[in-house]
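Participant: Below you will find the structure I want to go over with you.
The values are calculated or read from the model by the stated rules, or taken from the named source; none is laboratory data. Quick caveat: nothing in here was measured; it's all calculated off a predicted structure. Heads up, the Cβs are rebuilt from the backbone with ideal geometry, glycines too, and the neighbour counts pull from every protein chain shown. Side chains included, ligands, DNA and RNA excluded: accessible areas come from the protein's heavy atoms. Shrake-Rupley method; radii C 1.70, N 1.55, O 1.52, S 1.80 Å.
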Amino acid sequence: MIETEDLILSKAKFSDWPDMYENVWSQWDSAKYMLWSVTTSEEDAKVRMEKTMAFQKNHHACLVYEKASGKAIGFAGAEEAAPGVWKEIGICLGPKYVGRGYGKQILKALLAYCKETFGAREFLYTARADNAASNALARSLGFTQVGAEEEILERDGKAYTFLKYRRFL
């Protein structure tokens, strides 16, 4: 478990599926910068939660809970890219929770967690070029852009530019 001023990052529980469905997975604004597609039914959300829980068992990935409400409002995680180098593997918040400083709290918490727990010396972050908020977040926390790649999004076949950032810890 990781705690910030307003958030708790913790492993998913099956009972979180309604919050994740309502706040994140059914929201186009949450999915538009991610690689996944919107979930369109409660039954699909239950299946998705089972898959999320299975993934989180073997990865440093969590749901994001708002302390004030106790609701699951997003997800975040990191993984080792190389010895001493860690990277985020997705940070996503429901649209009602964007613009509150939660993204900054999550990324700062991941940086501290990787440094303190695993001795990370470097952290990598990626964002789509058209995701202004995510790119501003990276720059606000001292990340430097180190590359850009063109990618094709599988769900719609459209091209986008993926910006790569690095920060030494």
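Participant: Please verify whether E122 is within 24 Å of K11 (Cβ to Cβ), surrounded by 13 or more Cβ atoms within 10 Å (Cβ to Cβ) and modelled with pLDDT of 95 or more, treating the condition exactly as stated.
Facilitator: Details: within 24 Å of K11 (Cβ to Cβ): no; surrounded by 13 or more Cβ atoms within 10 Å (Cβ to Cβ): yes; modelled with pLDDT of 95 or more: yes.
When the stated conditions are applied, E122 does not pass them.
Participant: Could you figure out which of (1) small (G, A, S); (2) under 26 Å from M1 (Cα atoms); (3) modelled with pLDDT of 95 or more isn't true of A133?
Facilitator: Going through the list (1) small (G, A, S); (2) under 26 Å from M1 (Cα atoms); (3) modelled with pLDDT of 95 or more, A133 breaks only (3).
Participant: For L35, only one of the following conditions fails: (1) open to solvent by less than 70 Å² (accessible area, probe 1.4 Å); (2) in contact with a Gly (Cβ under 9 Å, 6 or more places away or on another chain). What is its number?
Facilitator: Going through the list (1) open to solvent by less than 70 Å² (accessible area, probe 1.4 Å); (2) in contact with a Gly (Cβ under 9 Å, 6 or more places away or on another chain), L35 breaks only (1).
Participant: Any residue that is polar (S, T, N, Q) and open to solvent by 60 Å² or more (accessible area, probe 1.4 Å) - is there at least one of those in region 141-160?
Facilitator: Within region 141-160, one or more residues are polar (S, T, N, Q) and open to solvent by 60 Å² or more (accessible area, probe 1.4 Å).
Participant: Within the set of pairs 6+ apart or on separate chains, which have a first residue in region 131-144 that is on the phi > 0 side of the Ramachandran plot, a second that is surrounded by 13 or more Cβ atoms within 10 Å (Cβ to Cβ), and C-beta atoms under 6 Å apart?
Facilitator: G142/R167
Participant: Another question, then. Which numbered condition trips up E80, out of (1) under 16 Å from L9 (Cβ atoms); (2) in contact (Cβ under 8 Å) with a residue 12 or more places away in the chain?
Facilitator: Exception for E80: condition (1).
Participant: Residue under question is A78, and the condition is that it be open to solvent by less than 50 Å² (accessible area, probe 1.4 Å) and either in contact with a His (Cβ under 8 Å, 6 or more places away or on another chain) or of a type in the set (D, E, K, R) (or both); does it hold? Steps first, please.
Facilitator: Working: open to solvent by less than 50 Å² (accessible area, probe 1.4 Å): yes; either in contact with a His (Cβ under 8 Å, 6 or more places away or on another chain) or of a type in the set (D, E, K, R) (or both): yes.
Here the answer is yes, as A78 does meet what is asked.
Participant: Spot the failing condition for K104; the list is (1) touching a helix residue (DSSP H, G or I) at 6+ places or on another chain (Cβ under 7 Å); (2) surrounded by 16 or more Cβ atoms within 10 Å (Cβ to Cβ), and only one is missed.
Facilitator: (2)
Participant: Could I ask something else about it? Go through (1) open to solvent by less than 40 Å² (accessible area, probe 1.4 Å); (2) among the polar types (S, T, N, Q); (3) over 16 Å from the mean Cα position of the chain (by Cα) one by one and return the number of the condition N135 breaks.
Facilitator: Of everything listed in (1) open to solvent by less than 40 Å² (accessible area, probe 1.4 Å); (2) among the polar types (S, T, N, Q); (3) over 16 Å from the mean Cα position of the chain (by Cα), N135 misses just condition (3).
Participant: I need the full set of residues from region 82-101 which are surrounded by fewer than 21 Cβ atoms within 10 Å (Cβ to Cβ), aliphatic (A, V, I, L, M) and closer than 17 Å to D19 by Cβ, in order please.
Facilitator: V98
Residue by residue, here is whether (1) under 26 Å from L153 (Cβ atoms); (2) surrounded by 19 or more Cβ atoms within 10 Å (Cβ to Cβ); (3) among the acidic types (D, E) holds:
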position	(1), (2), (3)
I8	no, no, no
F14	no, no, no
E43	yes, no, yes
T52	yes, yes, no
E66	no, yes, yes
